[in-house]
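The values are calculated or read from the model by the stated rules, or taken from the named source; none is laboratory data. All of these numbers come straight from a predicted model, not from anything done at the bench. In this analysis, Cβ positions are derived from the backbone assuming ideal geometry, glycine residues included, and neighbour counts consider all displayed protein chains.
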Amino acid sequence: MVGQYVRMLIAPNTRKGTITQTRIERGRVEYLFRHDPRFDNVLPDFWLMESEIEVCVPPTDEEVEAINALAKYGSR
């Protein structure tokens, strides 16, 4: 899973990035999520469980620009 591009199920359009590490915490596997820096409002790295993410294809730069523009428009 390390190195795979994933999206968070709670916000699949804007919370996409890569898995940089794994660990076992209290008997369950967790994944360190690094938010794609092309997105606006980048989050710091944080740990997620497998049930919170799914593997996806990285968006193109144009797709990221469109998503960022829509997010800005929606926050007005």
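Quick look at the values:
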| item | result |
| --- | --- |
| Selected residue (criterion: surrounded by the fewest Cβ atoms within 10 Å (Cβ to Cβ)) from residues of the stretch 13-39 that are in a loop (DSSP other than H, G, I, E, B) and at pLDDT 95 or above | P37 |
| Any chance T22 is farther than 15 Å from V64 by Cβ and free of Cβ contacts under 8 Å to residues at least 24 places away in the same chain | yes |
| Output for the stretch 33-59, where each listed residue is more than 29 Å from A69 (Cβ to Cβ) and either under 10 Å from the mean Cα position of the chain (by Cα) or of a type in the set (S, T, N, Q) (or both) | S51 |
| Residues of the stretch 51-69 satisfying the condition of being surrounded by 12 or more Cβ atoms within 10 Å (Cβ to Cβ), in contact (Cβ under 8 Å) with a residue 40 or more places away in the chain and outside any strand (DSSP E or B) | E52, C56, P58, P59, I67 |
